[in-house]
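Let me begin by presenting the structure, written as C-alpha cells, before commenting on it.
The values are calculated or read from the model by the stated rules, or taken from the named source; none is laboratory data. In this text, all values refer to a predicted model and were calculated from it rather than measured experimentally. Using ideal geometry, Cβ is built from the backbone for each residue, glycine included, and neighbour counts are taken over all protein chains shown. Surface areas here come from the heavy atoms of the whole protein model, side chains and all, with no ligands, DNA or RNA. Shrake-Rupley method; radii C 1.70, N 1.55, O 1.52, S 1.80 Å.
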Amino acid sequence: MKLQQLRYIWEVSRHDLNVSATAELLYTSQPGVSKQIRLLEDELGVQIFQRTGKHLTDVTPAGRAIIDLAGRIMAEVDNIKRVAQEHGDHKRGSLTIATTHTQARYVLPAIIKAFVAKYPEVTLHMHQGTPMQIAELAAEHVVDFAIATEAMEYFDDLVMLPCYRWNRSVIVPKGHPLLEVAPLTLEAIAEYPLVTYVFGFTGRSQLDYAFQARGLTPRVVFTAVDADVIKTYVRLGLGAGIVATLAMDAEQDDDLVAIDASHLFEASVTKIGFRRGSFLRGYMFDFMRLFAPHLTREFVENVLAQPTKADMDTLCATLELPVH
C-alpha cells in the first residue's frame, strides 16, 4: 500500500469519480491513476469503486470506509508538513479560507489587510460558496478555515468557534411606506414583496422562523446569495430587502434607507470552523485573533483540549460575543 494510492482514491472520490479530472489535478496520467487504484484494490482484496466498463460509477460500502480513512491519513500528512514548516519558517506558508460573499465583501477586507501586513510571505486563497459548500470544504480539508453562519453544525468533524453576533435590517428606497411604520412589525413587512437571501444562506433560517412563529407567510419574490445583488433589485423596485445590517455601506448605499429589524429577528452567530485534528500554525492562530479578538491562542487550545464536542460547545458558550 502506497501513500500515492491513498491520495488517488481520496481525490477521485472528491471529484465525482472522474479519473481524468483527478489525473489532471494531480499532474499525472489517467491510465496511471486507474492502474494504481486497481493495484490497491488487488492488494486489499476488495473493490473500492463500482464500475461500468472503464468508468467508475459508485463507491462500494467497503470503499466508503477505506476512503474515509484515506482522507484522515491525507490530513495527517498535511499536518506533518505544517509542523515542519512551522519549525522551518514560521512566517512563510499558505492560508485558505472558504466564506460567503457577505463576509468576503464587508467583514474580511480589513482583517486580511492587517494579516498581510504582518505575514507578507503567507499566500492567501479565498473560496466563496454556500454555507453547506463552505463547511464541506473544511470537513474535507480542502480549506484551512470555514467562515459562515449556517450549516457548519451538520459536520461533526469541524471545530466551530463563535466570532460575533449580527442581525438584520429592512432596506427600502427613500419614500417607501414602511418608513412610516414605527415601530416596524413583521405584519407590516409581510404586506410587501420581499427580496432576501436564499434559504440556508446568511442566517435566512432565522428570518423564516420569525415569520412562521407569527403565523405569517412572507411574499419572497426574489432570492440571491449576494447582498449586493439583493440591494440592486430593491433599487429596481422588486420589493423591500432584508439583509445583514453589516452589509450596508453608508456611502455606496446612500440611496437606500436601512430600518433596524433586530427587535424582530433572533440574532445569528458567525463562526469560524476547521477540521478537528488539524495542526494550526502560528499565523493561523493570529488570523483567528484578528477576526475575533476573543479567540486567543490560549482559549482555542483550551477548546481543543476538551474531550467531547459538547464540552467544546459549553466552553464556547461562556464567551461574550461582540455585535456587528
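Evaluate the following for Y209: is it at pLDDT 95 or above and under 27 Å from the mean Cα position of the chain (by Cα)? Here the answer is no, as Y209 does not meet what is asked.
Of the residues making up the stretch 63-91, those that are surrounded by fewer than 15 Cβ atoms within 10 Å (Cβ to Cβ) and touching a strand residue (DSSP E or B) at 6+ places or on another chain (Cβ under 9 Å) number 1.
From the list A261, A240, the one residue that fits, being within 22 Å of P131 (Cβ to Cβ), crowded, with 18+ Cβ neighbours inside 10 Å and small (G, A, S), is A261. For the stretch 40-62, the count of residues that are within 24 Å of M152 (Cα to Cα), in a helix (DSSP H, G or I) and either in contact (Cβ under 8 Å) with a residue 24 or more places away in the chain or in contact with a Leu (Cβ under 8 Å, 6 or more places away or on another chain) (or both) is zero.
None of E187, E191, E180 is in contact (Cβ under 8 Å) with a residue 24 or more places away in the chain and either more than 30 Å from F279 (Cβ to Cβ) or surrounded by 19 or more Cβ atoms within 10 Å (Cβ to Cβ) (or both) except E187. Between T60, T22, the distinction of being surrounded by 13 or more Cβ atoms within 10 Å (Cβ to Cβ), at pLDDT 90 or above and not aromatic (F, W, Y) belongs to T60 only. What number of residues within the stretch 80-135 are hydroxyl-bearing (S, T, Y), at pLDDT 85 or above, closer than 21 Å to A148 by Cα and out of contact with any helix residue (DSSP H, G or I) (no Cβ under 9 Å at 6 or more places or on another chain)? So the count comes out to 1.
How many of the residues in the stretch 276-308 are of a type outside the set (A, V, I, L, M), open to solvent by 20 Å² or more (accessible area, probe 1.4 Å) and either over 19 Å from A98 (Cβ atoms) or not in a loop (DSSP other than H, G, I, E, B) (or both)?
Count: 13.
Residue check: L246 meets all listed conditions (1) assigned to a helix (DSSP H, G or I); (2) modelled with pLDDT of 95 or more; (3) closer than 30 Å to L194 by Cβ but one, namely (2). Under 9 Å between Cβ atoms, which residue pairs at least 6 apart in sequence (or on different chains) link something in the stretch 109-124 that is more than 14 Å from M284 (Cβ to Cβ) with a partner that is hydrophobic (A, V, I, L, M, F, W, C)? Pairs found: A110/L290; A114/L290; V116/V122; V116/L124.
Which residue is surrounded by the fewest Cβ atoms within 10 Å (Cβ to Cβ), if the candidates are limited to the stretch 194-221 and must be in contact (Cβ under 8 Å) with a residue 60 or more places away in the chain and not in a helix (DSSP H, G or I)? Per the stated criteria, the residue is V198. Scanning the stretch 9-30 for residues that are of a type outside the set (A, V, I, L, M, F, W, C), closer than 15 Å to R64 by Cα and out of contact with any Ser or Thr (no Cβ under 7 Å at 6 or more places or on another chain) yields S13, R14, D16. Please pick out the residue among V142, V172 that is in a strand (DSSP E or B), open to solvent by less than 60 Å² (accessible area, probe 1.4 Å) and in contact (Cβ under 8 Å) with a residue 24 or more places away in the chain. It is V172.
For the stretch 11-65, the candidate set comprises residues that are acidic (D, E) and under 29 Å from the mean Cα position of the chain (by Cα); within that set, the residue that is nearest to V143 (Cα to Cα) is E11. Pairs meeting the criteria (first residue in the stretch 14-37 and over 12 Å from K54 (Cβ atoms), second residue polar (S, T, N, Q) and in a loop (DSSP other than H, G, I, E, B), beta carbons under 8 Å, at least 6 apart or on different chains) are A23/S29. Report yes if V83 is assigned to a helix (DSSP H, G or I), more than 30 Å from V116 (Cβ to Cβ), within 29 Å of the chain's Cα centre (by Cα) and in contact (Cβ under 8 Å) with a residue 24 or more places away in the chain, otherwise no. Taking the combined requirement at face value, the residue does not satisfy it.
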